[in-house]
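Let me begin by presenting the structure, written as structure tokens, before commenting on it.
The values are calculated or read from the model by the stated rules, or taken from the named source; none is laboratory data. Given the structure is predicted, the values throughout are model-derived calculations rather than measurements. As a convention, Cβ positions derive from the backbone with ideal geometry for all residues, glycine included, and neighbour counts pool all protein chains shown. We work out accessible area using only protein heavy atoms, side chains counted, and drop any ligands, DNA or RNA first. Shrake-Rupley method; radii C 1.70, N 1.55, O 1.52, S 1.80 Å.
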Amino acid sequence: MDAGSMNTSSSLKAQSRFPLQQQFLPRTTSKENLDRFIPNRSAMDMDYAHFMLTEGRKGKENPTGNSPSREAYKKQLADSLNINRTRILAFKNKPPAPVELIPQDYSLNHKAKSTKPRRHIPQSSERTLDAPDIVDDFYLNLLDWGSSNVLAIALGNTVYLWDASDGSTSELVTVDEEDGPVTSVNWAPDGRHIAIGLNNSHVQLWDSTSNRQLRTLSGGHRSRVGSLAWNNHILTTGGMDGQIINNDVRIRSHIVETYRGHTQEVCGLKWSASGQQLASGGNDNLVHIWDRSTALSNSATQWLHRLEDHTSAVKALAWCPFQGNLLATGGGGGDRSIKFWNTHTGACLNSIDTGSQVCALLWNKNERELLSSHGFTQNQLTVWKYPSMVKMAELNGHTSRVLYMAQSPDGCTVATAAGDETLRFWNVFGVPEMAAKPAIKAKPEPFSHLNRIR
């Protein structure tokens, strides 16, 4: 570019810096001005345009000469340029009410139907019975509720039966002083036969209907038998000697399997609902899971899982009714925890510190809830929501540690016995929804004024 053109360009730039001056560029040829016209909004007089569109031509044009299409075009143009609006975002009238997609009455009714009311848990026992001479021993199991709705409790050397259907009490047996006291009781699945463990290492089998002793199992244990568990015709016994023995009550040579894994007293035994796995707890702080399919006759059987997380004796054992491989265990005074286990893998799923000795555990058969009984300092019952383990209620009444718990056949009522020599009944799990509906019954069921038995 030559010097003259550079001077011209610089002079134009200098002139453009002055404000409020219109620029005129000289035309060189006509071809250079054939480009389309591009309007510049900054050069428009908006007030004049507004006047011309609205007021400027009134009276000057023949109103009869305006066609409907032209009027529609002018209206659309005015609307497009926002000319007809004097105030932006200003409403002349109240804004329309929002449309309710769901009617209010329906939403309230639907919410009321879908929200399940919180179940009321009575804070006091509905019945209290005296239990004199009950042995205050953490390692024993002296209370059980059979399928025929009869409760068995051992008080010293005597086993008593309490019929829940009419509240009557009867004495089943009183053992000799040298054989007693009674250290465990457990009903057979038929609700008629009952096993009684003794301090002299023997186990007696009784027919509760005829009040007749059927046989005595001996020769297996060397000391007292503090825990019992039935699995059909197999009676499993656990002793202070640390042995666990499976006894087939149908045959003369009743010892069919022996489980050895505990080094101290076996204080808890529970078979799973399927009858394939046995859980055992001992004073050696151990929990063992035994598999029935791997049991060997007349020889020691290896455990399936050895659970060593507890730091105190484990008596409280409870298999979950809605998940077959879920086991809850509770530790004694030095542990105070409830732990949950997957018995297929042996993994600990959860552990919570309850703050006091865990003496017994029971699952709610109708809801996802767990009940625990405790010792010092409050001697309370605690209802937990599973799996969150949120406390739903704490029930107080016993003045000593609540060592023994048993559940009614319908799962609604729980009986507890403690060192304060009282037997209390709690309607802790309530009436199940299915049982709450009236059903035609040929005869009144036991506890019919409280609940229904499935």
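With a/c under 1.5 counting as rounded, go ahead and sort region 166-234 into rounded, prolate or oblate using the C-alpha gyration tensor (a ≥ b ≥ c being the square roots of the eigenvalues; past the cut-off, prolate if a/b is larger than b/c, else oblate). Oblate, because a/c is 1.5 or more while a/b does not exceed b/c.
Quick one: order Phe322, Phe376, Phe429 from most to least accessible surface, probe 1.4 Å.
Phe376, Phe322, Phe429
Projected label points at Arg252 and Asp190, each 7 Å from Cα along the beta carbon direction, are separated by 2.2 nanometres. Summarising the amide proton neighbourhood of Thr183: residues at separation of 5 or more, or on other chains, whose placed amide H is nearer than 5 Å comprise Gly197, Leu198, Asn199. Ordered from largest to smallest accessible area (heavy atoms of protein chains, 1.4 Å probe), the residues Thr354, Thr263 come out as Thr263, Thr354.
Ordered by 1.4 Å accessible area with all protein chains kept, Cys320, Cys348 run largest first as Cys348, Cys320. Across region 321-416, the mean sequence separation of Cα contacts (distance under 8 Å, 6 or more residues apart), normalised by length, yields a relative contact order of 18 percent.
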